[in-house]
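Quick note: the coordinates plus some simple rules give every number you see, no bench work behind them. Because the structure is a prediction, the values reported are computed rather than measured. When we count neighbours, we look across all protein chains shown, and the Cβ atoms used for this are built from the backbone with ideal geometry, even at glycine.
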Amino acid sequence: MKNKLRKLLTHYQQERDTLQALIDSCTEEGEYKLAGSYAKGLLQLDQKLRTLHNLADPLYDEKQHRRAVVERARAMLLEEGEDRMLAEILREQESRLAALEHSPTEKSPAAVQNHLRQTISKLLTKKIESFSLSFGPELPAWCSWSGKRLS
């Protein structure tokens, strides 16, 4: 599954690069209406790419946000020169980004097992009213329940 997801991401990224090149060439030639049409397609493609990236890495949006903040802080530092406060913000954001980059993207088997154990415990103590358990090739087990207290 992950291999198919990577291939799909690569394909969409190539399509994105092609659309961006077409938009650039259309704006250079003054064909703004056609460039606008390509821009709409690029927007839709970016949405699909974002969804696929989030499937591959649940922390993708947070990482992208941190990267953008770091880039803006660096650009501001270059423009304004040495600013203590800005340098401190940059260091803080870089450390947060590094922590996100090194965090695991998948749930560990122990976390899944603990979640299952807690859910079964709640079911046995009648803290939940309905329960479903699914097994699949992607996740070892998946639980869902409704949390209304029974009396």
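Quick one: which residues, 5+ away or cross-chain, put their amide H under 5 Å from the amide H of Leu59? H built at 1.01 Å from N.
Amide H neighbours of Leu59, under 5 Å, 5+ apart: none.
Expressed as cubic angstrom per residue, what is the convex hull volume of the alpha carbon set of the stretch 59-106? Each step should come with its number before you reach the end.
Details: hull volume 2.3 nm³, N = 48.
Expressed per residue, the convex hull around the Cα atoms of the stretch 59-106 is 48 Å³.
Applying 1/(1 + (r/R0)^6) with R0 = 41 Å to the Cβ-Cβ distance of Arg84 and Gln14, what FRET efficiency is obtained, to the nearest 0.05?
With a Förster radius of 41 Å, E is 0.45.
Compute the Rg/Rh shape ratio of the stretch 1-56: radius of gyration over Kirkwood radius, all on alpha-carbon atoms.
Numbers: Rg = 13.1 Å, Rh = 11.9 Å.
My calculation puts Rg/Rh at 1.10.
Between Ala99 and Asp61, what is the spin-label point distance in nm, taking each point 7 Å from the Cα along the Cα→C-beta axis?
Distance between label points: 2.0 nm.
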